[in-house]
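Bear in mind that the values in this text are calculations on the coordinates, not laboratory data. Note that the structure is predicted; figures quoted are calculated from it, not measured. Note that we place each Cβ from the backbone using ideal geometry, even for glycine, and neighbour counts take in every protein chain shown.
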Amino acid sequence: MRLLPDSHLLLWSAFKTARVPPAAAALMNDPENEVFFSAASIWEIAIKASRGRDDFRVDVRRLRNGLVGNGYTEIPVNSDHAAVAATLPLLLKDPFDRMLVAQAISEGVTLLTADSTVAIYPGPIRKV
């Protein structure tokens, strides 16, 4: 399975492993699965960290390097993703969550999220 953890799951898996839901940890640690991360997540974390949000207070370069070092593959943001995001219903105002949904649809990966609001979007999304 090809998996795209959302921004919180990435942060938790890197810095607060006890917060990762067991279902997410099992999927992300399964060697049969390929785990990705989005450039949009890194961008979101950087912006929210610079605004002083405690739940996003990390060194984004260290986070990115750790993800790559642990075998995660980066998905850059491209214009196809933006076009798909424009077709999504306005269930969320957060452009980063909408981009992750669009990337999951465009790239044929399953978006992993602990956020029940994100999980109501159509597409390959799995709430953990």
Next item on the list: Compute the length gained on full extension between Glu34 and Ala82: take 0.36 nm times their separation in residues and subtract their Cα-Cα distance, giving the result in nm to one decimal.
Entry: 14.9 nm
Notebook entry, point to check: Which of the aspartates and glutamates could a cross-linker bridge to Lys16, judged by Cα under 15 Å and excluding same-chain residues fewer than eight apart?
Noted result: Asp6, Asp54, Asp55, Asp59
Next item on the list: Quote the relative contact order of region 2-127 in percent (integer), defining contacts as alpha-carbon pairs under 8 Å separated by 6+ residues.
Entry: 29 percent
Notebook entry, point to check: If we count every other residue with Cβ under 13 angstrom of Lys16's Cβ, Lys/Arg +1 and Asp/Glu -1, where does the sum land?
Noted result: 0
Next item on the list: With semi-axes √(5λ) of the Cα gyration tensor in Å defined as stated, name the option among (i) 38, 17, 11; (ii) 28, 15, 15; (iii) 20, 18, 14 computed from the structure displayed.
Entry: (iii)
Notebook entry, point to check: Once you list every other residue whose beta carbon is under 15 Å from the beta carbon of Lys93, what net charge do they have if Lys and Arg are +1 and Asp and Glu are -1?
Noted result: -2
Note to self: Cross-link candidates for Lys93: which lysines have Cα within less than 23 Å, leaving aside residues fewer than 8 places away along the same chain?
What the structure shows: Lys48, Lys127
